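Data block below; observations after.
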Amino acid sequence: MAQTAEDARFKVILSALAAAGEQTRLRLLALLAEAELTVSELVTILGQSQPRISRHLKLLVEAGLVERHREGAWAFFLMAHRGGAAALGRDILSRIQKDDPIRAGDRARLAEVRSARSEQAARYFAAHAANWDELRALHIPEERVEAEIRGLAGPAQIQNLLDLGTGTGRMLELLAPLAERAVGMDQSPQMLAVARARLEKAGLRNIQLRQGDIYALPVEQDFYDLVVIHQVLHYLDDPARAVREAARALRPSGRLLIVDFAPHEEESLRSNHAHRRLGFGAAEVTALLEESGLDVIAQRDLVPDNPESGKLTVSLWLGRDRRVISDPLPITLGEFA
C-alpha cells in the first residue's frame, strides 16, 4: 500500500522524538540551537568521548533535527531550520526551563569555548593588524574585487553606510565618498587604530569608527542604506547570526553586500590565519540572505585568470530588504549585468 503524506509525517515525528529522547542528544540539540559547532568543541563542552558524541550526532542528523556539512577536514553541526522535524525540535527545546541546571552548565561551557575562540582570533588580529591588507590579498587582484564592489554599490548617493568588520578601513576608504555618513565597526582595537590612521590620511571626515560585536551591533536598526561584510564571515562561528544582525540594521529597501571566498581547500588558512570556514557556496549565502528577509538581486564569482596561480575565487552577493518604502534605493543596471 502506498505511503500517504500523513504516514510520512508520522514517521518524521516518531523518528525525531526517538532521537531527542535521550539526555546527551537533547543536550546536543540545545547547544546546536545556539551555535554551529564541531565534534571536538562538543566533546569539550559535554566531556564525553569523540566516538560517543559522533554516534549521537549521526542519529540527530538522520532524524532531521540537526544539519551537518563537511568542509575540508572539519565537519560542522547546527540545529536544522527547515522541515517538520526542525519545528518539533524547537518546540521540544521551548519546554526546557531556562534555569535548568544541566542546560545552564552546558551554556557556561559553550561560553568558555566561544571566549577561547574569540581570544585566539583577537591575538591573531592584533599581531597582523599592520599588514592586514597584504594578508587579504590571497585571492584575485584586489583592484578587480574593488571594481566589482563599486559597481554593485552603484553611482547613487548613499545616505548611511555601515561596514562590519572594517579591519584597516579599506572598504570605508573605497565607499565612504559615496555616502553622506559612514560607520565602520570592528571588535579589535588594534584594527580600529590602523583604520583611524588610514582614514585620517585619506582626509575622509564623514566616518565614525566604533568598537563592537558583530553579533550585537551597537548601531541604529532600520537605518542604513548599504551594509558591507567584506571578508569577515569566514572568521565567524555563526555566520547566519551575523547576517541576521546586519539585515536588522538595514532600512526598508536597503542593501547588504557580502564579499567572501568561494569554497576552497586551503587548510593552512585555518592553522595560519584563524579562518573557521573555507569559503561559502552560492546557495549557502543565498539561503542566509533569504532567511534574513532579503532578496538576492546580484551574485558574482570572480575566478582567477590563471587557475594554477594558487589564488582563490572571490564571491559577492547583494541582497535587498524586502520591505518597500516610497523612495526605494535605485537599482543599477550593473546589478543585473
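The values are calculated or read from the model by the stated rules, or taken from the named source; none is laboratory data. Bear in mind the structure is a predicted one, so any value in this text is a computation, not a measurement. Neighbour counts are summed over all protein chains in view; Cβ atoms, including those assigned to glycine, are modelled from backbone coordinates with ideal geometry.
Checked against (1) over 19 Å from T44 (Cα atoms); (2) under 25 Å from the mean Cα position of the chain (by Cα), S115 passes all but a single condition, namely (1).
Across the range 184-223, which residue is surrounded by the fewest Cβ atoms within 10 Å (Cβ to Cβ) among those that are outside any loop (DSSP other than H, G, I, E, B) and under 19 Å from the mean Cα position of the chain (by Cα)?
Here the answer is A216.
How about the range 70-82: which of its residues are without any contact (Cβ under 8 Å) to a residue 24 or more places away in the chain and within 23 Å of E265 (Cβ to Cβ)? R70 - this is the single residue of the range 70-82 that is without any contact (Cβ under 8 Å) to a residue 24 or more places away in the chain and within 23 Å of E265 (Cβ to Cβ). The set of residues in the range 6-39 that are free of Cβ contacts under 8 Å to residues at least 60 places away in the same chain, touching a strand residue (DSSP E or B) at 6+ places or on another chain (Cβ under 9 Å) and in a loop (DSSP other than H, G, I, E, B) contains only T38.
To keep it simple, each residue is scored yes or no on (1) among the charged types (D, E, K, R); (2) part of a helix (DSSP H, G or I); (3) surrounded by fewer than 17 Cβ atoms within 10 Å (Cβ to Cβ).
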site	(1), (2), (3)
R55	yes, yes, yes
V61	no, yes, yes
H69	no, no, yes
L78	no, no, no
R82	yes, no, yes
A86	no, yes, no
D99	yes, no, yes
V113	no, yes, no
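On the basis of being within 19 Å of R241 (Cα to Cα) and modelled with pLDDT of 85 or more, does A33 make the cut? In short, yes.
Filtered by the rule that a residue be under 11 Å from Q208 (Cβ atoms) and not aliphatic (A, V, I, L, M), the range 174-198 gives R181, G184, R196. Within the range 101-111, the set of residues being hydrophobic (A, V, I, L, M, F, W, C), out of contact with any Lys or Arg (no Cβ under 9 Å at 6 or more places or on another chain) and surrounded by fewer than 17 Cβ atoms within 10 Å (Cβ to Cβ) comprises A108, A111. Filtered by the rule that a residue be among the acidic types (D, E) and under 11 Å from the mean Cα position of the chain (by Cα), the range 225-280 gives D237, D238, E245, D260.
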